[in-house]
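This report concerns only the one structure given below.
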Amino acid sequence: MAFQVSAGVEVKEIDLTNVVPAVSTSIGGFVGPFRWGPVEDIRLIGSETELANEFGKPKSSGPTGEGFFTAASFLKYGNALKAVRSTDSALKNAVSGGVGKAITGITVFSNSSPSSAGGSGTTTDSPSAGSLLGGITASSGVISEFTVTSNDGSGAEIEANYNVSAIKVASAGSGYTEGDEVSIDLGEGQILPIKITTAADGIPSVLGLVTDGSNSPGLFTLKTPSKFSSVAASSLATANTSPSSGTGLQVDLTYAVKSFSILNGGSGYDLSDSPGLRIFGDGTELFPAPSTISGSDGDLNSPGSLHGLIPVLSGAAASTAALIKNEDAFESIKGSLSGDIFARYAGALGDNTRIYIVNASNKDSLFFNGTSNKVSDQFDTVPTGTELHIMVTSTQDAFTGNGTVETEVEKWAFLDATDGAKTADGANNYYVDRINQSSEWIFIPSAISSVTTLSGTTGVFLLGSGADQTSVTAGDISTGLDLLADSETVDVNLLFSVADSNGDNTVGNKVLSVATTRKDVVGFVNPAIADTQLQSAANSLANVKTYKASLSAPDSYGVIGSTSAYVYDKYNDRFLYIGTQGHLAGLCANTDRVAESWFSPGGFNRGQLRNITKLAYNPKKADRDELYKAGINPIVSFPGQGVVLFGDKTLQSKPSAFDRINVRRLFITLEKAISTAAKFQLFELNDEFTRATFRNLVEPFLRDVQGRRGITDFLVVCDETNNTGQVIDSNRFVADIFIKPARSINFITLNFIATRTGVEFSEIVGNV
């Protein structure tokens, strides 16, 4: 402080009340596959419900079941899990593929007699190159009466009374034979089961439109294809194809249909008539019948036909799906994304997300949920000028609880289409920025073309092409674990992941490597599920020992269990095997809650594993002896007493206090707390005052731990004996902290001694 020049009183405060702070000891860290949520982004989860909300409920197949329930097993004991979703090469975000509603049903009412029967018909006009028409899928039964007319290649004219469930385009190919059972995705969350057949046997049949291969006058014929293959959108504009017997244009690609046009009147209709045309989607009528017949009478080559239907594609084929890992990744790659709108998170759950953009142009023509209800009615008022209302819906049962009903999941009112637009209070109101900042469902990479003039169904964007994880690799897991490797920025204490695949140890070694490098966490690993599932006891023992021996440089920062557990999947009503590493980490978290981190997590008091139906391998006493010698903690199911962690050993092979979980976690707790407090000595002077301050900080903390049974005795040396002149001159500060850790009981000996009646106990105590 500055020296005073004249007399006066100056007041100052010196704070000597610093204490060793409390530190976390029970935060879990997990990396694994999930069905939904951000990828390679750390999220704090407090319960299984939060886990399902953040990362999606598990599928009934694939890797997400093991990932979800391994993470959930920890949350049965602890309420703080930092979870990271890993990825693989298959994972993709759903993306919009144009605008418009997908049409799932068309009914054409005719009051004329069909011109042909028996499941096929012909035309008398000339097909033209590039005019391949879509096939027609029967909604039920086999269509027995119809006529198809090319109408100069611009549309198919249908003269019959029947329902059509989809209009789709593809080409003949190989891979399917008669009798195969397949399905066609109709969009809108609907799947049409079909059987490949050439017989009019009453089974829904797929009909394809084929030609005789010439561009001269020829015949169009409806046939039942026997072989299927998909075709890219670019292949739609091709010359007429030459079919072989029993093949034809195929029905494999779905396109949203924006509108239907009436080609012409035909016999029995005048231009002013309104034909009986109804178009259906999601089981309800989407578009009203046209008010008039357009065109000229008598211009059809088949005069008895009533009217034709023209499917107008609502844009290009679906944009290429991409993987957007998380919000930070989106900001870096959004300029290269191809598509108007993407699902916020990767996975097939993004499919069938529908986005309605309401503007001043379409406010009266955009309908919600396949009904006559205006989307604009979902808002208090309609937009004007450049204002936009945006609503997001989903038909995914995992989100809505009813996969057959389109359900609103979020919406925004009075956004603005103008970049730089502000709200009345000065906040950013540009719709692209607002959506990307706040939506939990979608990303918009850039401004949507003509967003203020989108009309009717062009204001609807349906997401598709999302893809789930198929087989997450150990390398994918390792990438996620790297996010948890920095002890200064990520606070975790109990680290685990999914089990290794059979014959591999990459995940286990990565978990142990991160734990050893950080030196403030315990890593929990598990043998491959196949090592003990459906194996004999002898094989299980051998496999588990082999896996443990394969781990590189195991030390006291690692723990391994002996088997996998059979658990119930309530989301899919099934059972599956998962590793027990999440349970073991959870037992440590529970020990912190009911006791202290320096208590053992094993045994009947604190080592009960929850919600396990059975163990893949239940070791007997002889097996437990072998496992314990190998540093593997037996997990045992005792009749009437539950499933118990029957050991508390770390992976350290050298006999010492650190081969026990409680000692390792005691020292992690002490080191973390005292080192945090020691940071406040940095850049102070290395003199007796500072050293005494440090001792007075640490010793009360250690006495408290001693009183809570963590240590039996301690000594703190921080004086001139270890802070010599050389130490001081090198700008270092040294404190030696001697600890006698409390030890857990692993072995109990009970000696029952019978004596003669007249013998005094004092005579024999200590002599037997």
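The values are calculated or read from the model by the stated rules, or taken from the named source; none is laboratory data. It should be emphasised that the depicted structure is a prediction, and the values quoted were computed from it without experimental measurement. Reconstructed Cβ throughout: ideal geometry from the backbone, glycine too, with neighbour counts over all protein chains shown.
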Can you find a residue in region 489-512 that is surrounded by fewer than 20 Cβ atoms within 10 Å (Cβ to Cβ) and touching an Asp or Glu at 6+ places or on another chain (Cβ under 6 Å)?
no
If you go through region 592-606 one residue at a time, how many are under 35 Å from the mean Cα position of the chain (by Cα) and crowded, with 18+ Cβ neighbours inside 10 Å?
7
Flag if residue 511 is within 17 Å of residue 70 (Cα to Cα), touching a helix residue (DSSP H, G or I) at 6+ places or on another chain (Cβ under 9 Å) and in a helix (DSSP H, G or I):
yes
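Yes or no, residue by residue, for (1) free of Cβ contacts under 8 Å to residues at least 60 places away in the same chain; (2) farther than 22 Å from residue 62 by Cβ; (3) surrounded by fewer than 24 Cβ atoms within 10 Å (Cβ to Cβ); (4) not assigned by TED's automatic domain parsing to the domain that holds residue 706:
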residue	(1), (2), (3), (4)
528	yes, no, yes, yes
537	no, yes, yes, yes
608	yes, yes, yes, yes
614	yes, yes, yes, yes
Cross-chain or 6+ apart pairs with Cβ under 6 Å, region 748-760 first and touching a residue at least 12 places away in the same chain (Cβ under 8 Å), then exposed (fewer than 10 other Cβ atoms within 10 Å of the Cβ)
753/768
Unmet requirement for residue 419, which otherwise passes all of (1) more than 30 Å from residue 61 (Cα to Cα); (2) assigned to a strand (DSSP E or B); (3) charged (D, E, K, R)
(2)
Only one of these conditions is not met by residue 556: (1) at pLDDT 95 or above; (2) closer than 21 Å to residue 83 by Cα. Which number is it?
(2)
Quick one: would you say residue 464 is under 23 Å from residue 324 (Cα atoms), among the small types (Gly, Ala, Ser) and in contact with a helix residue (DSSP H, G or I) (Cβ under 8 Å, 6 or more places away or on another chain)?
no
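Table: residues versus (1) of a type outside the set (A, V, I, L, M); (2) not in a loop (DSSP other than H, G, I, E, B).
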site: 9; (1), (2): no, no
site: 14; (1), (2): no, no
site: 19; (1), (2): no, no
site: 39; (1), (2): no, no
site: 60; (1), (2): yes, no
site: 65; (1), (2): yes, yes
site: 72; (1), (2): no, yes
site: 88; (1), (2): yes, no
Residue satisfying all of: in region 471-497; assigned to a helix (DSSP H, G or I) and among the charged types (D, E, K, R); nearest to residue 584 (Cα to Cα) among these
482
Name the residue that is farthest from residue 39 (Cα to Cα), counting only residues in region 425-469 that are in a loop (DSSP other than H, G, I, E, B) and hydrophobic (A, V, I, L, M, F, W, C).
454
Provide a single number: the residues in region 594-625 that are of a type in the set (S, T, N, Q) and on the phi > 0 side of the Ramachandran plot.
1
Exactly one condition in (1) surrounded by 14 or more Cβ atoms within 10 Å (Cβ to Cβ); (2) of a type in the set (A, V, I, L, M, F, W, C); (3) out of contact with any His (no Cβ under 9 Å at 6 or more places or on another chain) is false for residue 645; which is it?
(3)
Given the criteria within 15 Å of residue 580 (Cα to Cα), at pLDDT 95 or above and of a type outside the set (S, T, N, Q), does residue 494 qualify?
yes
Name every residue in region 26-38 that is crowded, with 24+ Cβ neighbours inside 10 Å and out of contact with any Phe, Trp or Tyr (no Cβ under 7 Å at 6 or more places or on another chain), in order of residue number.
29, 31, 32, 33
